[in-house]
Amino acid sequence: MSVHPDLHQHYVLLCQNLGRPEHPFIAHVLQEADKNDKIRTKGITLKIAGNNHLVPVQRITGDDLQVLTSVLRSTVFVTGLDLRCNVLADAGAKHMAAFLQENSTLQYLNLMFNDIGTSGAELIAGALHRNESLVYLRMTGNKIGNKGGMSFASMLEINSTLEKLDLGDCDMGMQCLIAIATALTQNKSVKSINLNRPLLYSQEEETTVHIALMLKSNPSLVELHLCKHEMKNFGVERLCEALYENTSLRYLDLSCNKITHDGVKFLGELLKRNQTLEILDLNANRIEDDGANYLSEALALYNRTLQALSVVSNNISGKGLVALSSAMKTNTELSYIYIWGNKFDEATCVAFSELIQTGRLKPNCTDVEPYEVDGHVYLAELSHGLQKHYYWTPSCGEETNQDANASLAITAVSEY
């Protein structure tokens with residue numbers, strides 16, 4: 001007799017009782033789970049992602065999820081569900097919400113890109129008012145809108161278990177961002193939040209001001225993603241003012257905004273005094289040489305806590321890039337630096353080549369690799385970064401590739 005709960009057999013019986021056809025991919029995943037020796041001791045994450053490229057899969061629907069959650073209600077061994085890139089829609093969200101209200105073992109739930117809308121988001125957020133087990137939720141890419149975002153803001157005022165919440169690319173608006181920031185002034189459990197790419201129609205940066213106010217009083221937030229917030233120098237200044245008083249934030253993502261060298265001047269001053277920030281992502285802004293010089297000065301002479309810096313695609317030329325390489329010679333704490341997409345000259349290529357050849361910069365800690373042609377040094381791009389695999393699902397093996405996702409190696413917040 002098997003020592004494991006026979007998930008597959010239970011699934012087959014339920015499909016027969018309900019008159020539903022078996023979903024071949026769900027059946028396959030449950031069969032594999034039944035063979036897993038660690039299921040009783042460590043629990044298991046069922047990976048039923050709809051974007052598996054090695055094995056073409058039929059994506060699961062809300063009806064398929066209804067049967068699956070009925071199977072999982074009777075087991076305590078499944079602690080994670082990866083359902084990304086399926087077609088659950090609001091009907092599936094309804095079944096998931098019912099499951100979350102009853103379940104007390106699920107810790108990780110990935111629902112990214114599932115066509116879940118406002119009503120589905122409201123149901124899931126409502127279920128989390130009572131759920132006391134879920135630690136990590138990804139809603140990325142579901143167009144829940146402002147109303148759906150407001151339901152998550154209300155949930156954050158009540159839930160005290162959730163540690164990591166990803167609401168990136170969810171079409172949220174100004175009202176719900178302000179409401180989420182307000183909720184996080186009181187919430188002490190959330191350690192990481194992703195608010196990437198909201199739909200903002202104001203130039204006044206009200207949301208950044210409220211997020212800055214939250215950072216002044218929040219003692220628990222470790223990781224904050226504010227990519228594509230239309231943030232300008234005024235917003236950066238407000239954030240820096242708040243971070244003088246904050247002693248918890250270790251990962252700040254300001255990528256794909258409108259920050260220039262004037263805004264980076266405030267970040268440079270912050271780095272001179274801040275003793276907690278470990279990762280700073282300025283990818284796809286426009287800090288130019290002056291901005292790179294402000295960062296270099298702070299890193300060379302004052303800061304000894306920052307471990308990773310991304311200045312990819314910032315219109316920096318050789319002068320600024322060489323300054324950053326020089327800062328690394330005196331600052332031994334800065335271990336990861338990403339510079340691709342800027343204006344490399346020969347001095348830049350030589351400087352970073354020397355850092356790598358002397359061992360000061362490890363090849364897996366940067367996105368460039370030196371090579372030589374006719375006596376001249378050049379730099380080629382490597383697929384390394386802070387968060388290269390944000391949307392990606394591995395076809396096999398683990399997805400925490402530290403070379404491509406350096407942020408996980410440095411600040412792994414509630415990674416499941």
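On the stretch given as region 272-302, residues that are closer than 24 Å to Ser248 by Cβ and over 26 Å from the mean Cα position of the chain (by Cα) total 4.
Among the residues of region 114-123, which ones are in contact with a strand residue (DSSP E or B) (Cβ under 9 Å, 6 or more places away or on another chain) and surrounded by fewer than 21 Cβ atoms within 10 Å (Cβ to Cβ)?
Passing the criteria: only Asp115.
Here is a yes/no grid of residues against (1) closer than 19 Å to Leu167 by Cβ; (2) of a type in the set (A, V, I, L, M, F, W, C):
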{"residue": "Ser189", "(1), (2)": "yes, no"}
{"residue": "Leu215", "(1), (2)": "yes, yes"}
{"residue": "Pro219", "(1), (2)": "no, no"}
{"residue": "Cys240", "(1), (2)": "no, yes"}
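Would you please name the residue that is most open to solvent (accessible area, probe 1.4 Å), looking only at residues in region 339-352 that are assigned to a helix (DSSP H, G or I) and of a type in the set (Gly, Ala, Ser)? It would help to see each step written out before you state the result.
Of all residues in region 339-352, those assigned to a helix (DSSP H, G or I) come to 346-352.
Restricting the remaining residues to those that are of a type in the set (Gly, Ala, Ser) gives 347, 351.
Details: Ala347: 55, Ala351: 14 Å².
Here the residue is Ala347.
Within region 357-416, the set of residues being among the β-branched types (Val, Ile, Thr) and either in contact with a Phe, Trp or Tyr (Cβ under 9 Å, 6 or more places away or on another chain) or modelled with pLDDT of 80 or more (or both) comprises Thr358, Thr366, Val368, Val373, Val377, Ile410, Thr411, Val413.
Could you check region 141-166 and list, in sequence order, the residues that are open to solvent by 40 Å² or more (accessible area, probe 1.4 Å), part of a helix (DSSP H, G or I) and under 21 Å from Leu100 (Cβ atoms)? Please lay out each step first, then the result.
First pass over region 141-166, keeping only residues open to solvent by 40 Å² or more (accessible area, probe 1.4 Å): 143, 146-147, 150, 154, 157-158, 160, 163.
With the extra rule that they be part of a helix (DSSP H, G or I), the set shrinks to 146-147, 150, 154.
Across region 141-166, the qualifying residues are Lys147, Met150, Ser154.
Residues satisfying the criterion are present in region 177-185 (criterion: assigned to a loop (DSSP other than H, G, I, E, B) and either closer than 15 Å to Ala121 by Cβ or not basic (Lys, Arg) (or both)). For region 124-140, the tally of residues that are surrounded by fewer than 21 Cβ atoms within 10 Å (Cβ to Cβ) and part of a helix (DSSP H, G or I) stands at 1. Filtering region 167-176 to residues that are on the phi < 0 side of the Ramachandran plot and either part of a helix (DSSP H, G or I) or open to solvent by 20 Å² or more (accessible area, probe 1.4 Å) (or both) leaves Met174, Gln175, Cys176.
Do any strands (runs of 3 or more DSSP E) lying entirely in region 274-338 carry at least 1 residues that are in contact with a strand residue (DSSP E or B) (Cβ under 7 Å, 6 or more places away or on another chain), over 18 Å from Leu355 (Cα atoms) and open to solvent by less than 10 Å² (accessible area, probe 1.4 Å), and which ones are they?
On the way: elements: 279-281, 308-310, 336-338.
Per the criteria, 279-281.
Return a yes/no flag: does region 96-104 have any residue that is in contact (Cβ under 8 Å) with a residue 60 or more places away in the chain, farther than 17 Å from Gly168 by Cα and of a type in the set (Ser, Thr, Tyr).
Kept after step one, since they are in contact (Cβ under 8 Å) with a residue 60 or more places away in the chain, are these residues of region 96-104: none.
Looking through region 96-104, none of the residues is in contact (Cβ under 8 Å) with a residue 60 or more places away in the chain, farther than 17 Å from Gly168 by Cα and of a type in the set (Ser, Thr, Tyr).
From the list Thr207, Thr118, exactly one residue is among the hydroxyl-bearing types (Ser, Thr, Tyr), under 23 Å from Arg238 (Cβ atoms) and touching a helix residue (DSSP H, G or I) at 6+ places or on another chain (Cβ under 7 Å). Which is it? Lay out the reasoning, then the answer.
On the way: Thr118 fails: under 23 Å from Arg238 (Cβ atoms).
From the options Thr207, Thr118, the qualifying one is Thr207.
Say whether the condition of being open to solvent by less than 50 Å² (accessible area, probe 1.4 Å), under 21 Å from Gly385 (Cβ atoms) and assigned to a helix (DSSP H, G or I) is met by at least one residue in region 258-267. Yes, the conditions are met somewhere in region 258-267. Residues that are open to solvent by 50 Å² or more (accessible area, probe 1.4 Å), in a loop (DSSP other than H, G, I, E, B) and under 20 Å from Asn303 (Cβ atoms) within region 221-257 comprise Tyr244, Glu245, Thr247, Arg250, listed in sequence order.
The values are calculated or read from the model by the stated rules, or taken from the named source; none is laboratory data. Please read all numbers here as calculations on a predicted model, not as lab measurements. Heads up, the Cβs are rebuilt from the backbone with ideal geometry, glycines too, and the neighbour counts pull from every protein chain shown. For accessibility, only protein heavy atoms count, side chains too; no ligands or nucleic acids. Shrake-Rupley method; radii C 1.70, N 1.55, O 1.52, S 1.80 Å.
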